[in-house]
1. Which numbered condition in (1) closer than 29 Å to residue 39 by Cβ; (2) of a type in the set (A, V, I, L, M, F, W, C); (3) surrounded by 15 or more Cβ atoms within 10 Å (Cβ to Cβ) is the only one that residue 68 fails?
2. Please list, ordered by first then second residue, the pairs with beta carbon atoms under 7 Å, 6 or more apart or interchain, first in segment 71-89 and more than 10 Å from residue 29 (Cβ to Cβ) and without any contact (Cβ under 8 Å) to a residue 60 or more places away in the chain, second surrounded by 15 or more Cβ atoms within 10 Å (Cβ to Cβ) and of a type in the set (Asp, Glu).
3. In segment 31-74, how many are part of a loop (DSSP other than H, G, I, E, B) and more than 16 Å from residue 128 (Cβ to Cβ)?
4. Within segment 77-105, how many residues turn out to be of a type outside the set (A, V, I, L, M), surrounded by fewer than 17 Cβ atoms within 10 Å (Cβ to Cβ) and under 12 Å from the mean Cα position of the chain (by Cα)?
5. Suppose we keep only residues that are at pLDDT 95 or above and among the polar types (S, T, N, Q) within segment 52-65. Which one would you say is surrounded by the most Cβ atoms within 10 Å (Cβ to Cβ)?
6. Does at least one position in segment 101-112 carry a residue that is within 17 Å of residue 33 (Cα to Cα), in contact (Cβ under 8 Å) with a residue 60 or more places away in the chain and either in contact with a Phe, Trp or Tyr (Cβ under 6 Å, 6 or more places away or on another chain) or of a type in the set (A, V, I, L, M, F, W, C) (or both)?
Amino acid sequence: MSRRSLAAFALVGLLALPAAAQEVEWIRLNLMVTHASQAPGPIDPPAAELHKQLHKDFRYQSLRVLQLESLRLSMNEIGKLRLPNGRWVRVRPLNRAGSRLLVAVEVEGALATDLRLRNHRKVSIGSHRYKDGTLVITFEPDF
């Protein structure tokens, strides 16, 4: 192989390198599963912020955190979380634009929707009846 063709081959390899070596964009999605119940009890400290949002509009006497999970996902990767009632929550980041993230969310047997989440802002959705109350799932992206 001549020097010229060797140099051209090396140049083509270097030009192709950035496309092959592109870094994957990771999104951390923090999930909190709480149980809002009519049974007397405490408001768990990790749920204090959620309590401030919910207590004016919903009736419950206790708010217990049942699960705290952090999923590290790339775009279009599906993350799963098994709820205390055996059902699944599936999340899939679809698109990030600035400080906003579009996420497909499926709560098995309850909901399938897309959520537009702001970075470091929490969004909560009610889920299934559970024991003497309701499961509430909170989503918070971190990127």
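The values are calculated or read from the model by the stated rules, or taken from the named source; none is laboratory data. Everything numeric here is computed off the predicted structure, so don't read it as measured data. Reconstructed Cβ throughout: ideal geometry from the backbone, glycine too, with neighbour counts over all protein chains shown.
1. (3) is the only condition that residue 68 fails.
2. Correct list of pairs: 87/108; 88/108.
3. Selection size over segment 31-74: 10.
4. 3
5. Checked segment 52-65; the qualifying residue surrounded by the most Cβ atoms within 10 Å (Cβ to Cβ) is 62.
6. no
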